[in-house]
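The values are calculated or read from the model by the stated rules, or taken from the named source; none is laboratory data. Note that this is a predicted model, so its numbers are computed, not measured. We place every Cβ from the backbone using ideal geometry, glycine too, and count neighbours over all the protein chains shown.
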Amino acid sequence: MPRSTMKEKINPSSNEEELLFDKRIWTIEEVATFLNLSVKTIYNKTSRREIPYRKPKRGGRLYFLPDEILNWIDDGLR
């Protein structure tokens, strides 16, 4: 599904989300805001491998790719 169509499906008019989609990588806080979930819930989902995420091999912060999050949402709606 094209990104614009998915954005409209989720929330048709949100300036905050428009700014999120200008970014190529999201932080855990941005994913939590986008999904309207707590950061703790996102951490739980990553530890159970329920949500797509990336982590550098040498540790560090988790990060998320917007397209992967949108595909994950889309897959859950099918």
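Please indicate, with yes or no, whether at least one residue in the range 44-57 is at pLDDT below 95 and of a type in the set (Val, Ile, Thr).
No; the residues of the range 44-57 include none that is at pLDDT below 95 and of a type in the set (Val, Ile, Thr).
For a quick check of your reading of the model, give me the residue pairs whose first member lies in the range 37-63 and is over 12 Å from Ile25 (Cα atoms), whose second is of a type in the set (Gly, Ala, Ser), with beta-carbon atoms closer than 8 Å and at least 6 apart or on different chains.
Correct list of pairs: Ser38/Ala32; Val39/Ala32; Thr41/Ala32; Ile42/Ala32.
I need the full set of residues from the range 19-73 which are of a type in the set (Asp, Glu) and not in a loop (DSSP other than H, G, I, E, B), in order please.
Within the range 19-73, the first condition is being of a type in the set (Asp, Glu), and the residues that meet it are 22, 29-30, 50, 67-68.
Within the range 19-73, Glu29, Glu30, Asp67, Glu68 meet the criteria.
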